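Here the structure comes first, spelled out in structure tokens, and everything after it is commentary.
Nothing in this text is a laboratory measurement; each read-out follows from the coordinates by a stated rule. Every value quoted in this text rests on a predicted model; they were computed, and no experiment measured them. Using ideal geometry, Cβ is built from the backbone for each residue, glycine included, and neighbour counts are taken over all protein chains shown.
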Amino acid sequence: MDKRQQALLFLLIAAGAFSGCKDQKQNAPEKEGVETVLPAQVNEVTVMTLKKNTFEHELVSNGKVTASQYADLSFRVTSEPVAHIYVKNGDVVRKGQKIAELDLFTLQNSLEKAEVSLRQSELEMKDVLIGQGYSLDKMQEIPQDIVKLAEVKSGYAQSHAAYELAKYELDHAVLTAPFDGVIANLETRGFNRPDATKAFCRVIGGSGMEVSFHVLESELPLVKRGDKVEVSSFANASGTCSGTISEINPLVDEDGLVSVRAKVNGNIRLFDGMNVRVSVKRSVPDQFVVPKTAVVLRTGKQVIFTLKDGKAMWNYVTTGLENMTEYTVTGDGMEEGAQIIVTGNVNLAHEAPVKVIP
């Protein structure tokens with residue numbers, strides 16, 4: 001190698017050394033800046049001690065209010081106009097109180113005619129019995145088959161049936177309340193004939209209301225007769241009333257739903273047909289209960305972090321029952337006395353150091 005080649009090689013080595021020093025000087029402050037901006041921090045968490053408690057299970061559904069006692073009243077005779085209506089919708093009525101009545105002239109006249117016909121046929125029946133040699137003073141001694149034959153022959157039986165029908169129609173030309181309640185669905189006005197295709201009005205009893213709602217087939221084991229319910233009206237969200245489940249229909253419909261009914265009191269103003277929110281509450285003893293904030297998702301699975309030696313330990317769990325704020329849980333690490341991390345767990349990793357705060 002001559003002197004010219006040696007000089008060129010020296011220049012190349014010197015240039016490479018200078019470039020390496022320059023990169024090292026540039027990277028050093030960059031690394032120092034990252035470490036300064038992102039210092040190592042310990043996550044702050046709060047914990048609770050896991051123990052078995054009574055879980056207040058809550059099942060929420062939408063329902064509809066129905067009266068536990070009601071009667072749709074109709075006039076038997078619809079050929080006569082309504083002469084008087086004594087009540088209006090919303091009125092409170094007592095048992096036996098008059099609600100409305102038809103024009104009675106034609107019905108009273110029909111009853112009088114039927115009564116005259118009955119008396120006439122009665123005389124003819126007596127003539128038949130006398131003609132057969134029986135004494136009217138000893139009617140109780142006449143054989144019943146002979147009396148019935150005379151009633152048919154004289155037309156007395158037919159006249160008696162017509163009289164009873166006329167009397168029945170006159171009696172039912174006046175609608176009265178079958179029990180204490182409230183008037184609803186009264187649409188007919190006076191001097192008009194009642195509609196034969198629908199009820200004249202409805203009397204809703206004051207003995208209480210019922211709520212009908214549905215639960216899923218999978219939720220059926222969680223519901224039983226006697227369970228407590230709370231009912232709130234969508235129209236009056238601030239008011240609630242309580243009740244108990246009275247019946248469960250033992251049939252699952254095509255949508256996988258089961259019909260349930262509950263009797264409720266009248267703490268809030270409920271109307272027949274009203275839409276309400278139903279909350280079924282039931283106490284389930286001997287359960288591990290955690291707040292919903294304690295359960296997080298990792299790789300699509302439910303995880304609860306427990307505290308051990310100042311570190312967060314990753315545990316796969318399965319949630320069971322739930323209400324608005326809590327779950328029941330089972331799974332790894334879920335044992336009496338375990339320290340459950342309930343907040344500050346969103347970004348935790350397995351065995352990450354943590355600091356417990358009050």
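A few remarks follow.
- Modelled FRET efficiency - R0 22 Å, residue 299 with residue 332, Cβ distances, 0.05 increments: 0.90
- Pairs of Cα atoms nearer than 8 Å and 6+ residues apart set the relative contact order; for segment 281-358 it is 34 percent.
- Share of pairwise Cα separations in segment 70-204, more than 21 Å, in percent: 55 percent
- Radius 12 Å from Cβ of residue 289, net charge of other residues (Lys, Arg +1; Asp, Glu -1): -1
- GNM result for the chain, Cα springs below 10 Å: residue of 151, 169, 210 fluctuating most strongly: 151
- Scaled radius of gyration (Cα, divided by 2.2 N^0.38 Å) that segment 243-358 gives: 1.52
- Helix 156-171 axis, angle to the chain major axis (alpha carbon atoms, nearest 10°): 50 degrees
- The loop-placed trypsin sites (Lys or Arg not before Pro) in segment 196-271, going by DSSP, that have at most 13 neighbouring Cβ atoms within 10 Å of their Cβ come out as 198, 224, 225, 269.
- For the chain, built as a Gaussian network whose Cα springs stay under 10 Å, the top-fluctuating residue of 329, 264, 128: 128
- Inter-part distance where segment 192-206 and segment 47-68 are each reduced to a Cα centre, Å: 41 Å
- Rounded to 10°, Cα long-axis angle of helix 105-131 versus longest principal axis of the chain: 50 degrees
- Under the combined filter of DSSP loop state and at most 10 neighbouring Cβ atoms within 10 Å, segment 83-137 retains these trypsin sites (Lys or Arg not before Pro): 88, 94.
- Amide N proximity, segment 89-122 versus residue 71 label position 7 Å along Cα-to-Cβ, cut-off under 14 Å: 93-100
- Links that overshoot a 28 Å alpha carbon limit, given the list 52/311; 51/301; 224/292; 95/281; 88/113; 95/224: 95/281; 88/113; 95/224
- Entry note, the chain: the mean residue ellipticity at 222 nm calculated from DSSP H runs of n ≥ 4, each adding -39500 (n - 2.57), is -8500 deg cm²/dmol after division by the residues and rounding to the nearest 500.
- Over all distinct Cα-Cα pairs of the chain, the Kirkwood formula returns a hydrodynamic radius of 30.0 Å.
- Each Cα pair under 8 Å and six or more residues apart adds its sequence gap; the mean of these over the residue count of the chain is a relative contact order of 26 percent.
- Its Cα gyration tensor gives segment 109-156 an equivalent ellipsoid. The semi-axes, each the square root of 5 times an eigenvalue, are 23, 10, 9 Å from largest down.
- Vicinal HN-Hα couplings computed from phi for segment 285-295 (Karplus, 6.51 cos²θ - 1.76 cosθ + 1.60; Hz; Gly/Pro x): x, 6, 10, 7, 10, 10, x, 5, 5, 6, 9
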